[in-house]
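Working notes, beginning with the structure itself.
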Amino acid sequence: MIKILHLSDIHIGSGFSHGRINPATGLNTRLEDFVNTLSLCIDRALSEPVDMVIFGGDAFPDATPAPYVQEAFASQFRRLVDANIPTVLLVGNHDLHSQGVGGASLNIYRTLGVPGFVVGDTLTTHHIPTRNGKVQVITLPWLTRSMLMTRKETAGLSMAEVNQLLTERLEVVLEGEVRKLDPDVPTVLLAHLMADNAMLGAERLLAVGKGFTLPLSLLTRPCFDYVALGHVHCHQNLNKSNDPPVIYPGSIERVDFSEEKEDKGYVMVELEKGNVEWEFCSLPVRTFRTIEVDLSKSDDPQEVLLKAIAKYELEETVVRLIYKLRSEQLDLIENSAIHKALSTAHIYTIQPELVSQLAKPRIPELSASSSIDPMEALRTYLNNREDLKNIAASMLEAAENLLVEEIY
């Protein structure tokens, strides 16, 4: 059996607003969190030891990370080089400079000729020798419409029609790689994409209009023994039949509060031709906690708020306190007491919201804490506006056209 460690969406260098400067190192504590978590993944790869590491894309929050962030990433992956563990680094949407124009942040590892490192920035098949046999890895990096089609080809088409045309074109290219596979060698499809039945979160908003959704049927081919995905931050197996497993390991750290309830980790895989076993391995990551309290109907809002905070163990936690109150209750809140109650947290924010008796209630689906596709947000908004009913269809059509145009 060939042992593989599959991780994705490291995003090292993001989430600094949820940390503070460590006076001992001069670094943001959230950078240190990401480095420590990545170190645990590499520790596991070395202790097994695994035969190969595959990374599903999105190393950094963007394609031009600060030098010290690049160094933090490289210093961990250098440990795999020293241990002679072959590694495949797939290019994700956050690794691309200007959506593909100008290369990708991970290409430096190929330019430097780092031993045992393969950078997957094109759809192609890599034949990788490991200590326990050869593995075929088809790399499918993040693709945009502009990579497969011209503006002229998409002119006048709806987003659904463009998506269908792109899927058909990609299917032809992928079929070309499949026909070249050695049927006796285990095969991994490593792809950074948005699958049509995935549970999505913040990453959908980050990539809207610049990628496209692929059907699960494109990935569940019998020639693939394991399908390793990246891009979606929530761990999930899209193919319940497990033939083959289609796995998002998810991100290894919480990027923001949209991920506060998600388990974070990586996947350990044991692979041979026609047979695969996999296991999700949780990582100990920093807790994010949202505390929401409605004080608008309370006679003693201060006491209610302090009791709500006291319910949780907040030590070294990233906390977001949101409380609603009426304007006449403002003088009843003692801010110093609130700060004292939150003082054990790693870092915290306080977001008071005034409730007006005259204000129209917000649409629940469009709250700040929800992750929703922009087109779906617009559709929800229009459904709640009777005065825009006559022009709703035209507005939706115009928005779709804008999103299609945005990619060029």
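The values are calculated or read from the model by the stated rules, or taken from the named source; none is laboratory data. All values derive from a computational prediction rather than experimental measurement. Neighbour counts run over all protein chains shown; Cβ positions are idealised from the backbone, glycine included. With ligands, DNA and RNA removed, areas are computed over all heavy atoms of the protein, side chains included. Shrake-Rupley method; radii C 1.70, N 1.55, O 1.52, S 1.80 Å.
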| request: For the chain, give the percent of accessible area contributed by carbon and sulfur heavy atoms, probe 1.4 Å, rounded to a whole number. | output: 52
| GNM, the chain, Cα, under 10 Å: largest mean-square fluctuation among VAL304, VAL232, VAL88? | VAL304
| task | Please go through the residue pairs LYS134/LYS261; LYS297/LYS340; LYS240/LYS389; LYS264/LYS311; LYS152/LYS240 and name each one whose alpha carbons sit more than 30 Å apart in this structure. | result | LYS134/LYS261; LYS240/LYS389; LYS152/LYS240
| note | The alpha-carbon pair-distance distribution computed for segment 37-104, with 5 angstrom bins and whole-percent values, is 4, 16, 24, 24, 17, 10, 4, 1
| query | Averaged per residue, what accessible surface does the chain expose to a 1.4 Å probe, in Å²? | reply | 47
| Proximal aspartates and glutamates relative to LYS307, as straight alpha-carbon distance under 13 Å, when same-chain residues fewer than 8 apart are discounted | GLU292, ASP294
| query | Using a simple spin-label model with points 7 Å from Cα along the Cα→Cβ vector, what separation in nm is obtained for SER298 and ASP243? | reply | 5.6
| ³J(HN,Hα) across segment 265-276 via Karplus (A = 6.51, B = -1.76, C = 1.60, θ = phi - 60°), whole Hz, x for Gly/Pro? | x, 9, 10, 9, 10, 10, 10, 8, 4, x, 8, 8
| message | Over the chain, with a Gaussian network built from C-alpha contacts below 10 Å, which listed residue (LEU321, LEU354, LEU143) shows the highest mean-square fluctuation? | response | LEU354
| query | Pulled fully out, how much extra length does the chain show between HIS127 and LYS180, if you take 0.36 nm times their separation in residues and subtract their Cα-Cα distance? | reply | 18.0 nm
| task | Could you tell me how many degrees, from 0 to 90 and to the nearest 10, lie between the Cα long axis of helix 29-47 and the main elongation axis, the longest principal axis, of the Cα atoms of the chain? | result | 30
| note | Per the rule of 0.36 nm per residue minus the C-alpha distance, extending VAL355 to ILE108 adds in nm 83.7 nm
| task | Name the residue, out of TYR109, TYR266, TYR226, whose mean-square fluctuation peaks in a Gaussian network model built on the chain with Cα pairs under 10 Å. | result | TYR109
| query | Taking only Cα atoms, what is the 0 to 90° angle, nearest 10, from helix 301-310's long axis to the longest principal axis of the chain? | reply | 30
| remark: So, over other residues within a Cβ distance under 11 Å of LEU271, counting Lys, Arg +1 and Asp, Glu -1, the net charge is -3
| For segment 388-397, in order, what is each residue's ³J(HN,Hα) by Karplus, 6.51 cos²θ - 1.76 cosθ + 1.60 with θ = phi - 60°, in whole Hz (x at glycine and Pro)? | 10, 4, 6, 10, 4, 4, 5, 5, 5, 5
| Using a Förster distance of 51 Å, how high is the FRET efficiency between ARG169 and SER39, based on the Cβ-Cβ distance and rounded to 0.05? | 0.80
| said: From the helices alone, meaning DSSP H stretches of at least four residues, give me the mean residue ellipticity at 222 nm for the chain, per-run term -39500 (n - 2.57), in deg cm²/dmol to the nearest 500. | reply: -8500 deg cm²/dmol
| Is the shape of the chain rounded, prolate or oblate, going by the alpha carbon gyration tensor and its root eigenvalues a ≥ b ≥ c, with a/c under 1.5 for rounded and a/b larger than b/c for prolate? | oblate
